[in-house]
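As structure tokens, the structure follows; a few thoughts come after it.
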Amino acid sequence: MSVARQWQSDSDSSVVALSSASGERPADQLLGEELRRHRESRGYTLGAAARAIRGSTSKMSRLERGESPAKPRDVYDLAVFYGLSRQDLALLEQLLAHAANSEWYERFADVTPSFLKRLIRMEGRAAMITIFENQVIPGLLQTERYAEALIRMMEANPVSLAEIARIVALRMGRQMILDQDLPRITVVLDETVLERRRGTADVMREQMEHLLAAAEKPKVNVRIISKDAVSPPMAITYLQFPDGVPGDLAYLENIEGATYATKQRSLDNYRKVLTDARDNAMSLDGSIEAIRRAAEHWAERAVLER
């Protein structure tokens, strides 16, 4: 079973909100109690749980009592070991962040390069984000299984289930901004992105259906550029900020890192490239129809692959 399937969202469940103060029960104690509850409900001993985090029974006992600060890696290893749902994981993530008094993405420090941390931080402050992509669905609109397929494809060395799960969780966490009023998001995709397989046909079907749902949201504008039309040769993310926040920002990522453009001349060039791409794209109705055709194509392929 894939990590994404193990941590599939439960649409009928609510996210538990935590206040900034927890009275007589600090976040590390609450976290420990949650971990103990999951262990006991599944019938695991302290020793079995300790082996999952490569530690001793006494270390696991201290973790459950809230006497030792929890390491994100240990919590995610236990989440995989216990087979937790996305809702259960979300609560553990909130407790981790609350205990550390940090930004949510700092929980993923060991799997997040510094250049990406900066982008995530700036995404949350932007008023408008414009993205052109010619290789993959942008991270803000990826499904869990599509993200997992990309991670497996890009990693040269074997990656543990826990590490894959953490990278996927980071990508899903970035999508919290989709539920906020700002930023507004425009995504321009080369048509070949819809055709390029990432994972199984069913992964692609699910991703196309997710993209179709996103395209119908008021704050998200998804446009498709025909593969026969002129389009930029590289992926670009352009962030514009509210009045009073100085400077726009362009972000160009590659396999080894990323480049940030802040000089006005470069920003003017990237803004023109994105404007031309948007002008060359299909209409909204045409774009939605192209995504719908892709979803139908991958659904048919998925049936054949069963």
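Below is a table of values for the structure above.
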{"quantity": "Two-decimal Rg/Rh across the range 133-266, once Rg and the Kirkwood Rh are taken from alpha-carbon atoms", "calculated": "0.96"}
{"quantity": "Sites Arg42 and Arg152 - FRET efficiency at Förster radius 35 Å, r taken between beta-carbons, to 0.05", "calculated": "0.85"}
{"quantity": "Potential extension, Gln180-Lys227 segment - 0.36 nm per residue separation minus Cα distance", "calculated": "13.7 nm"}
{"quantity": "R0 of 35 Å, Cβ-Cβ distance Arg271-Glu300: FRET efficiency to nearest 0.05", "calculated": "0.35"}
{"quantity": "Linear extension gain, Thr259 paired with Glu289, 0.36 nm per residue minus alpha-carbon span", "calculated": "7.4 nm"}
{"quantity": "Accessible surface of Ser41 - all protein chains present, 1.4 Å probe, nearest 10 Å²", "calculated": "80 Å²"}
{"quantity": "Accessible-area value, Asp268, 1.4 Å probe, nucleic acids and ligands omitted, Å²", "calculated": "60 Å²"}
{"quantity": "Accessible surface ranking that places the most exposed of Val230, Val187 first, with a 1.4 angstrom probe", "calculated": "Val230, Val187"}
{"quantity": "Residue order for Phe81, Phe115 - accessible surface, 1.4 angstrom probe, largest first", "calculated": "Phe81, Phe115"}
{"quantity": "Cubic angstrom per residue, convex hull over Cα atoms of the range 195-306", "calculated": "134 Å³"}
{"quantity": "Rg followed by Dmax, in Å, when the range 115-163 is reduced to its Cα trace", "calculated": "13.2, 38"}
{"quantity": "Accessible area (Å², 1.4 Å probe, nearest 10) - Arg292", "calculated": "80 Å²"}
{"quantity": "Full-extension gain in nm, Lys219 to Arg118, via 0.36 nm per residue minus C-alpha separation", "calculated": "34.1 nm"}
{"quantity": "Rg to Rh quotient for the range 164-210, alpha carbon positions, Kirkwood Rh", "calculated": "1.02"}
{"quantity": "Accessible area (Å², per residue) of the range 204-306, counting only protein heavy atoms and a probe of 1.4 Å", "calculated": "58 Å²"}
{"quantity": "Computed P(r) (all Cα pairs; the range 33-79; 5 Å bins; percent)", "calculated": "5, 25, 39, 28, 4"}
{"quantity": "Approximate spin-label separation Leu161-Gln135, in nm, with each point projected 7 Å along Cα-to-Cβ", "calculated": "2.9 nm"}
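The values are calculated or read from the model by the stated rules, or taken from the named source; none is laboratory data. Keep in mind that this is a model prediction, so the values were computed, not measured. Heads up, the Cβs are rebuilt from the backbone with ideal geometry, glycines too, and the neighbour counts pull from every protein chain shown. The area values use the complete protein model at the heavy-atom level, side chains included, leaving out ligands, DNA and RNA. Shrake-Rupley method; radii C 1.70, N 1.55, O 1.52, S 1.80 Å.
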